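Here the structure is laid out as structure tokens; the discussion comes afterwards.
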Amino acid sequence: MKTLASIVLGLLASYFTLLWVVGHLDTLSQAMCSTDFTLPALACRFGGLGITLLLIPLAGAATFLVARGILAKLG
């Protein structure tokens, strides 16, 4: 049961991180990266995508581990 609760919390954290990233990093990417179809502009936009792809699973894994530790201490 503790593992299931930790998984659910990890998935929720990943979902809310995805919402935050889409709302904030997209705005940041549009402000900083050129809209031209050039290699530096594409690299800038794909850099933001890379950050997104790293943040979401890291948030879920960190939340899973923290929730599992807290639930272990409680029960």
Name the residues in the range 49-74 that are open to solvent by less than 80 Å² (accessible area, probe 1.4 Å) and in contact (Cβ under 8 Å) with a residue 60 or more places away in the chain, would you? 67, 71, 72
Could you list, in sequence order, the residues of the range 29-48 that are in a helix (DSSP H, G or I) and open to solvent by 80 Å² or more (accessible area, probe 1.4 Å)? 30, 31, 32, 39, 40, 45, 46
Index of the failed condition, residue 5 passing every other in (1) farther than 14 Å from residue 57 by Cβ; (2) free of Cβ contacts under 8 Å to residues at least 24 places away in the same chain: (2)
Restricting attention to the range 15-27, does a residue exist that is closer than 27 Å to residue 72 by Cα, out of contact with any Lys or Arg (no Cβ under 7 Å at 6 or more places or on another chain), open to solvent by less than 40 Å² (accessible area, probe 1.4 Å) and in a helix (DSSP H, G or I)? yes
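The values are calculated or read from the model by the stated rules, or taken from the named source; none is laboratory data. On a predicted model such as this, the values are computed, not experimentally measured, just so you know. Positions of Cβ are backbone-derived with ideal geometry, glycine not excepted, and every protein chain shown enters the neighbour counts. With ligands, DNA and RNA removed, areas are computed over all heavy atoms of the protein, side chains included. Shrake-Rupley method; radii C 1.70, N 1.55, O 1.52, S 1.80 Å.
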